[in-house]
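Read through the structure below, which is laid out as structure tokens, and then see the notes.
The values are calculated or read from the model by the stated rules, or taken from the named source; none is laboratory data. Fair warning: this is a prediction, and the values are worked out from it, not measured in the lab. Reconstructed Cβ throughout: ideal geometry from the backbone, glycine too, with neighbour counts over all protein chains shown.
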């Protein structure tokens, strides 16, 4: 049985690794493959958006175009592509099952 990774401020990088490994294990168990979980571009905006309880896309879009960094834009695009891939795989799985 997998448990949720520990979360602690002092162990930020260790927690990120544990969360990433935890997510990969879930995908493997669901037989979705780890290719579904690409390495998302790192940006400080993840923590800023999380602190404001906003999706990254909303947080970035609230900034003026000139203040958006390339890493923010890339991360938003990567997450959008990941979401589309997840939806596609769910649709494929449901059609195989006849739902």
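Tabulated data
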quantity: Output for the stretch 59-71, where each listed residue is out of contact with any helix residue (DSSP H, G or I) (no Cβ under 7 Å at 6 or more places or on another chain), part of a helix (DSSP H, G or I) and surrounded by 12 or more Cβ atoms within 10 Å (Cβ to Cβ); calculated: 61, 71
quantity: Counted residues, the stretch 72-99 - those being within 18 Å of residue 42 (Cβ to Cβ) and surrounded by 14 or more Cβ atoms within 10 Å (Cβ to Cβ); calculated: 8
quantity: Residue check, residue 56 at pLDDT 80 or above, under 11 Å from the mean Cα position of the chain (by Cα) and either surrounded by 14 or more Cβ atoms within 10 Å (Cβ to Cβ) or within 22 Å of residue 22 (Cβ to Cβ) (or both); calculated: yes
quantity: Pairs, first touching a residue at least 24 places away in the same chain (Cβ under 8 Å) in the stretch 57-71, second surrounded by 14 or more Cβ atoms within 10 Å (Cβ to Cβ), C-beta under 9 Å, six or more apart; calculated: 69/43; 69/45; 69/60; 71/41; 71/43; 71/45
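Yes/no matrix, rows are residues, columns are (1) over 15 Å from the mean Cα position of the chain (by Cα); (2) under 26 Å from residue 26 (Cβ atoms):
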{"residue": "50", "(1), (2)": "no, yes"}
{"residue": "68", "(1), (2)": "yes, no"}
{"residue": "72", "(1), (2)": "no, no"}
{"residue": "76", "(1), (2)": "no, yes"}
{"residue": "81", "(1), (2)": "no, yes"}
{"residue": "84", "(1), (2)": "no, yes"}
{"residue": "87", "(1), (2)": "no, yes"}
{"residue": "90", "(1), (2)": "yes, yes"}
